[in-house]
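The structure under discussion appears below in the form of structure tokens.
The values are calculated or read from the model by the stated rules, or taken from the named source; none is laboratory data. Keep in mind the model is a prediction, meaning the values are calculated, not measured. Don't worry about glycine lacking a Cβ; one is built from the backbone with ideal geometry, like all the others, and counts go over all protein chains shown.
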Amino acid sequence: MVTPMSRWTVTLSFLAVVLASVGTISKASGQDAGAETKQDPSTQMQTQFAPGVVTVIPPAPDPKETFDGPQTLQSMIDAHPEIAWTQTGNHAEGKPHFDPRSRTLEEMLKQVIYRREIFCLEFSFKPLRQLYLDIPRPDGKMQRKLVQYMVYRVRYRGGDLRPAADNLDEPIFKRIESVSYPSRRFFPMFVLEDRESGQQYIDQILPTAVDRIALREQITAPIHNSVDISRVKIPRTEDPNAPGVWGVVTWVDVDPNIDYIAVNVFGLTNAFEQDGEGADAPYRRKALMLNFYRPGDATNQIADRVRFGVPAYDDAEDQTYVLKKYGLDKRLDYRWVFR
């Protein structure tokens, strides 16, 4: 006979199994969702040279960046019209007797491929922060201003890419080789951008700020501004605990109402894009774009915490609105762009 008590026991046992299964499924779904939202290979690590953690962006050289073309070298064609076969009277229809037309100098100048070697540095940084500093004015007096700053580290991991010498025994898509050098140099430019208004702020050298920031951040390694760091050789290393070269970048007169921020880091790589040839041809450098979010207002800005990455919202409409501010169709904490 089945008693009421036994029925309750069976029912409770069944509910426990169902709830445990739902919890397991929800946990697995949450893990999958987290894996899907991670769209970049950045990591966070601790370093003995500064308390807290730094976000590490690995180098990202692309084999496609080692060449441009095919393009037409129009300046050479215009400067030497005599190379055109249509100008000669010894060849019917302006074609060679035996070789294909593509072997003529004129046609080869229409299919020029520019090849180059590219490198890319590893970039690590601490959170974007603010503090008030006394800044010297042109008249020699000091003026108290709010300074936005970011402490960063660069390391050279090697692995530069360059076109390899021709080898008839290998297919063409394997003609890229990896090379390394004892050191590289970093010639940076940092542009802070307001993603709402489009206003851009170029980093400024503030000699009085470096020591103050180093003291506040407790940096034990030598720290450089954007000019001094270009004089320092960045040695090649594969050691994950290597100190690297540390620097700090500063901006002043930034709009206090800024919420959606992007920091463009130029100089980490020599990759570029150019449309056509000549001084007027559009030229774009490859830069690392870091996205930040500052929830706050113009009051008590020191207390505002600037967060790395694009904020996430449960509401799809809100998320789409924020993504448009950053010019994205999905959440990305950073990306490599040509600008």
| task | Would you mind finding the one in V151, V147, V252 that is out of contact with any Lys or Arg (no Cβ under 7 Å at 6 or more places or on another chain) and over 18 Å from A60 (Cα atoms)? | result | V147
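For E217, indicate whether it is among the charged types (D, E, K, R) and under 22 Å from the mean Cα position of the chain (by Cα).
Details: among the charged types (D, E, K, R): yes; under 22 Å from the mean Cα position of the chain (by Cα): no.
Spelling it out, it is not the case that E217 is among the charged types (D, E, K, R) and under 22 Å from the mean Cα position of the chain (by Cα).
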| task | Inspect all residues belonging to segment 230-240 and state whether any of them is closer than 24 Å to I135 by Cα, free of Cβ contacts under 8 Å to residues at least 60 places away in the same chain and either part of a strand (DSSP E or B) or in the same structural domain as L131 (by TED's automatic domain parsing) (or both). | result | yes
| task | Working only within segment 244-268, note down all residues that are among the small types (G, A, S) and part of a loop (DSSP other than H, G, I, E, B). | result | G244, G267
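Looking at segment 211-228 only, could you name the residues that are aliphatic (A, V, I, L, M), surrounded by fewer than 18 Cβ atoms within 10 Å (Cβ to Cβ) and assigned to a loop (DSSP other than H, G, I, E, B)?
Result: A221, V227.
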| G244: in contact (Cβ under 8 Å) with a residue 40 or more places away in the chain, at positive phi, of a type outside the set (F, W, Y) and in contact with a helix residue (DSSP H, G or I) (Cβ under 9 Å, 6 or more places away or on another chain), yes or no? | no
| task | Pull up segment 181-218, narrow it to residues that are hydroxyl-bearing (S, T, Y) and modelled with pLDDT of 95 or more, then point me to the one that is nearest to E65 (Cα to Cα). | result | Y181
